[in-house]
2 protein chains.
Amino acid sequence: MLAEERRMKIVDLATREGRVDAQDAAERLSVAVETIRRDLDVLQRRGLMRRVHGGAIAVHRLNREFTVSERRALNHSAKLKIAEVAARHIPEQGTIIVDSGTTTQCLSAYLRDKSELTVVTNSLDLATEIGSSSTRVILISGRVRPTTMSGVGDLALKALENISADVAFIGANGVDLKSGFTTPDPDEAAVKTRMINNAQESIVLADHSKFGKSFTMRFANFESVDRLITDTKTSTSIINEITNKELEVVIA
Amino acid sequence: MLAEERRMKIVDLATREGRVDAQDAAERLSVAVETIRRDLDVLQRRGLMRRVHGGAIAVHRLNREFTVSERRALNHSAKLKIAEVAARHIPEQGTIIVDSGTTTQCLSAYLRDKSELTVVTNSLDLATEIGSSSTRVILISGRVRPTTMSGVGDLALKALENISADVAFIGANGVDLKSGFTTPDPDEAAVKTRMINNAQESIVLADHSKFGKSFTMRFANFESVDRLITDTKTSTSIINEITNKELEVVIA
DNA sequence: CCGAATTTGTCCGTTTTTGACCGAATCCCA
DNA sequence: TGGGATTCGGTCAAAAACGGACAAATTCGG
């Protein structure tokens with residue numbers, strides 16, 4: 001059996017059963033466990049599954065299980081540092097737009113009790129956290145997308161229509177040289193684009209795990225964003241290439 | 001079973017039942033209690049649940065308890081009964097409007113995972129609770145009023161403009177023979193009025209403590225509401241007088 | 001057909017996971 | 001409030017899984 005063929009069968013197994021047991025797969029495909037383990041590593045690098053002790057878990061199942069709170073914990077310290085740096089760009093007064101997402105969510109600590117500040121957001125969680133403080137919060141309506149707990153759709157775009165802000169803090173799922181800033185959901189992408197358009201200055205927050213990835217919907221290219229904040233683990237070569245595109249990159 | 005798989009099942013248990021009993025989970029997943037306890041520690045570190053004596057509780061439940069705990073304690077059992085009766089008027093499919101408020105909030109238990117139902121609400125807490133289920137949630141928002149954590153103002157009215165629903169469940173601060181249904185905040189009153197106007201049928205939920213009180217803003221008179229649900233502690237004389245005004249009163 | 005590169009299997013020391021044990025801390029109920 | 005039951009958390013040992021090294025087998029390019 002060809003190596004690729006074997007890997008296909010492993011993917012097959014994974015999608016059918018949701019997981020792969022290294023030991024079990026080795027027996028079924030009559031190869032050594034080490035081979036399976038190596039295969040799983042390869043498939044993980046291809047983004048097809050996630051390696052865990054004893055085997056691997058199919059991504060489709062992962063997405064379902066990964067809740068907001070779990071994603072929040074992912075690279076949490078990096079996100080906190082990014083938020084800390086981003087916070088320097090929050091004005092004392094005026095209006096800012098804050099996108100939904102686990103990274104932008106970390107900004108909440110810097111947004112409470114700013115009585116001269118208006119925060120416009122489509123994130124339920126963020127609004128809940130700072131809504132009870134003296135900061136003026138405007139929550140964007142819309143259909144609630146369960147995976148991100150944010151308001152999207154036509155209503156959200158309508159609500160944003162007449163709002164203009166000083167700064168917009170935007171999250172991204174993918175940052176790639178070819179594709180620009182991307183996200184999987186079309187509705188969510190439309191909201192992000194509108195947010196960027198309606199702000200004087202726009203800042204994207206993205207930790208190292210987002211780089212080199214691209215998803216279906218581009219919501220901005222490098223020219224339309226003013227600043228990109230990331231953490232120290234992001235490869236410097238990518239950062240240099242982005243800096244060449246007239247986009248200021250800040251490393252937290 | 002893979003370790004990660006087991007942990008997923010624990011998260012599953014937690015989200016479904018709100019809590020995890022270490023002993024019980026150990027038996028169900030046929031591993032030692034110690035293993036479960038270690039898993040719970042890991043999951044806590046991932047921010048998925050909060051460790052407590054005897055097991056752990058899901059974070060989504062945790063947030064819920066924190067946000068409305070004090071207010072909800074007031075006449076809580078009465079509110080639960082009112083919600084139970086009100087729930088009989090929730091259609092299996094179609095669109096309903098649910099107002100913000102501690103009483104209407106209790107409806108959330110009956111609104112999760114109704115895939116044929118669309119819930120329109122201006123309550124952040126309600127949207128958060130049912131937004132993660134398969135129920136379609138449309139959040140009406142605008143400026144967030146800190147005391148009630150609800151969306152009000154011009155933006156909210158605009159968003160409601162083109163929405164029509166089968167039933168509206170409305171909360172009230174005061175129910176009085178002379179003043180009708182009242183609330184202190186003008187913005188909130190405007191939203192309630194619009195909600196009632198945009199629904200085929202409107203139901204007000206009010207426990208006994210609301211009767212005989214009146215506040216600045218009337219959002220509805222007795223004629224414009226179809227049904228009033230209250231608890232057994234409400235004085236029968238008031239109920240009789242209200243019934244005379246062509247308003248059906250249901251006692252939970 | 002040959003040599004190089006890649007893949008695969010084996011070996012083995014290291015790490016991780018798991019279940020068991022036990023004294024201490026905590027909870028629950030009378 | 002006190003005592004019994006439960007739970008906790010730390011240590012230990014066995015088992016499983018890991019990963020790196022290396023050799024054998026296979027594939028590839030010329």
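Shape class for the stretch B:1-55: rounded, because the ratio a/c of the largest to smallest gyration tensor axis (alpha-carbon atoms, square roots of eigenvalues) is under 1.5.
Counting from the shortest, the label point at B:Ala3, 7 Å from Cα toward Cβ, is 2.8 nm from the same position in each remaining copy. For A:Glu27, the label point sits 7 Å beyond Cα toward Cβ; its separations from the matching points on the remaining copies run 3.0 nm, from shortest to longest. Considering only B:Leu247, B:Ile138, B:Val204, and ranking their Cα positions along the charge dipole of chain B that arises from unit charges at the beta-carbon of Lys, Arg, Asp and Glu, the one farthest toward the positive end is B:Ile138. Taking the inverse of the mean 1/r over every pair of distinct Cα atoms in the stretch A:1-152 gives a Kirkwood hydrodynamic radius of 18.2 Å.
Here the spin labels are modelled as points 7 Å beyond Cα on the Cα-Cβ line, and at A:Met1 and A:Glu161 they lie 5.8 nm apart. Just check the stretch A:66-221 against the gyration tensor rule for me: Cα atoms, a ≥ b ≥ c as the square roots of the eigenvalues, rounded for a/c under 1.5, and otherwise prolate or oblate depending on whether a/b exceeds b/c. Cα axes put the stretch A:66-221 in the rounded bin. Taking the label point 7 Å along Cα→Cβ, B:Arg112 and its counterparts in the other copies are spaced 2.7 nm apart, in ascending order.
Entry note, chain A: the mean residue ellipticity at 222 nm calculated from DSSP H runs of n ≥ 4, each adding -39500 (n - 2.57), is -11000 deg cm²/dmol after division by the residues and rounding to the nearest 500. Placing +1 on the Cβ of every Lys and Arg and -1 on the Cβ of every Asp and Glu, with no other charges, gives the stretch B:155-236 a dipole of roughly 220 debye about its Cα centre. Between A:Asp154 and A:Met8, the contour length at 0.36 nm per residue exceeds the alpha carbon distance by 48.5 nm.
Put a dot 7 Å past the Cα of B:Glu116, heading toward its Cβ, do the same for B:Ser237, and the two dots end up 4.6 nm apart. With a simple spin-label model that places each label point 7 Å from the Cα along the Cα-to-Cβ direction, the separation between B:Lys178 and A:Asn221 comes to 6.8 nm. With the convex hull drawn around the C-alpha atoms of the stretch A:213-252, the volume per residue stands at 74 Å³.
Summary value for the stretch A:87-201: 26 percent relative contact order, contacts being C-alpha pairs under 8 angstrom separated by 6+ residues. Against the criterion of solvent-accessible heavy-atom surface with a 1.4 angstrom probe, B:Thr15, A:Thr95, A:Thr135 sort, most first, into B:Thr15, A:Thr95, A:Thr135. When you restrict to C-alpha pairs under 8 Å that are six or more residues apart and normalise by the size of chain B, the relative contact order lands at 14 percent. What does DSSP give for the stretch A:145-228 in terms of the percent of beta bridges that are antiparallel, rounded to the nearest 5? For the stretch A:145-228, the DSSP antiparallel bridge percentage is about 45. Under 14 Å from a label point set 7 Å out along the Cα-to-Cβ vector of B:Arg51, the amide N atoms of the stretch B:1-24 belong to B:22.
The values are calculated or read from the model by the stated rules, or taken from the named source; none is laboratory data. Just so you know, these numbers come straight off a predicted model, no measurement behind them. Because the Cβ atoms are built from the backbone with ideal geometry, glycine has one as well, and the counts that use them run over all protein chains shown. All accessible areas refer to the heavy atoms of the entire protein, side chains included, with ligands and DNA or RNA removed. Shrake-Rupley method; radii C 1.70, N 1.55, O 1.52, S 1.80 Å.
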